[in-house]
Amino acid sequence: MAEPPGVIDLDGADDPRVAEYSRLTDAALRRRTDAAHGIYLAESSAVVRRALAAGHHPRSFFLAHRYLDSMADVFAAHPSVPVYTGTDEVLEAITGFHLHRGALAAMDRPAPLSPDEVLAGARRVAVLENVSDHTNLGAIFRSAAGLGVDAILVSPEAADPLYRRSIRVSMGTVFSIPWARVGEADGRGRAAWPAALEQLRAEGFTVAALELSESAVELDDPALRDHERLALVLGAEGPGVTSAALAACDLHVKIPMAPGVDSLNVAAASAVAFWELRARA
Ligand SMILES: C[S@@+](CC[C@H](N)C(=O)[O-])C[C@H]1O[C@@H](n2cnc3c(N)ncnc32)[C@H](O)[C@@H]1O
């Protein structure tokens, strides 16, 4: 098959045209602020396709020679977008890891949604307080998308849903489930978290913390199913939901644990709770 237009064969690791792809190890990426540069990186052919299906705009594609044919339809649909390719050795020297999941793409970050936009029509909302682990965050998005959660809010300290690892673990569901960051300090530096939870209550949500607190009701309490609009606040590994956020919630909900086990991983807890508290009618 003929190479699609715009294919550029890289022959060295220090090509400035692919600086966006250089040293993509998680440690290096954590030091880099892709959000500030207005880009995110989609990793794996399936995730690249989901990003494009969500209407996001590619800046460039980056993949080994052997994947070119399988993505030919994508390149044909974006004829003005450069396609960087090379041997496994050259690409690995650029990224810092072996590219075994097909294509990478550097994408323009979409304009952030407002809380109003993501909450419109939502009946089940997950609120991620300080969930800073990208794997947990991605897994929660995947569970939310699969188990009937309509929207996600992330607190100021929570990880970036458009970080490469979050996207990959979410299987691209970060592109389909509406989400917004809430509670960032205003122009005068006043913290707006957890006060941001007030907006949920004002819009008719019952705000419940998923937490093993003293006053928590059990997850299968039938009364929990009566809430037309329900927002579930999830906390970080270790600290859990902060005391300030717990105080700002209408109620607390727990998944009873077997003796000798303190708690579940937050992503596992989210899946159990999303299923049990799904909107049923
Ligand atoms: C690992 S837990 C936090 C640690 C926990 N506070 C502790 O005392 O060990 C992380 C988050 O997962 C959720 N979680 C985990 N297990 C839970 C359970 N059994 N019931 C309710 N929430 C749970 C909560 O949202 C919690 O904030």
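Just so you know, all these numbers are worked out from the coordinates, no wet-lab data involved. Source: prediction; values computed, not measured. Glycine gets a Cβ as well: all are built from the backbone with ideal geometry, and neighbour counts include every protein chain shown.
Could you count how many residues in the range 268-281 are within 8 Å of the ligand (Cβ to nearest atom) and either at positive phi or touching an Asp or Glu at 6+ places or on another chain (Cβ under 9 Å) (or both)? Number satisfying all stated conditions: 0.
When we screen ALA273, ALA268, ALA202, ALA279 for residues that are touching a Leu at 6+ places or on another chain (Cβ under 7 Å) and either aliphatic (A, V, I, L, M) or farther than 16 Å from LEU153 by Cβ (or both), the only hit is ALA273. If you go through the range 216-252 and keep only what is of a type in the set (Lys, Arg) and closer than 18 Å to LEU153 by Cβ, you end up with just ARG229. Applying the set (1) in contact with a helix residue (DSSP H, G or I) (Cβ under 8 Å, 6 or more places away or on another chain); (2) closer than 24 Å to PRO115 by Cβ to LEU219 leaves exactly one unmet item: (2). For first residues located in the range 206-230 and within 13 Å of ALA279 (Cα to Cα), partners that are within 13 Å of the ligand (Cβ to nearest atom) and in a loop (DSSP other than H, G, I, E, B) and lie 6+ apart or on another chain with Cβ distances below 8 Å form the pairs LEU224/LEU277; ARG225/LEU277; LEU230/LEU277. Total residues in the range 76-129 satisfying the condition of being in a strand (DSSP E or B) and closer than 26 Å to GLY55 by Cβ: the figure is 13.
State whether one or more residues within the range 136-147 are of a type outside the set (Asp, Glu) and assigned to a loop (DSSP other than H, G, I, E, B). Yes, the range 136-147 contains at least one residue that is of a type outside the set (Asp, Glu) and assigned to a loop (DSSP other than H, G, I, E, B).
Among the candidates GLU214, GLU218, GLU228, GLU157, the residue that is away from the ligand (no atom under 13 Å from the Cβ), over 30 Å from ILE39 (Cα atoms), surrounded by fewer than 18 Cβ atoms within 10 Å (Cβ to Cβ) and charged (D, E, K, R) is uniquely GLU228.
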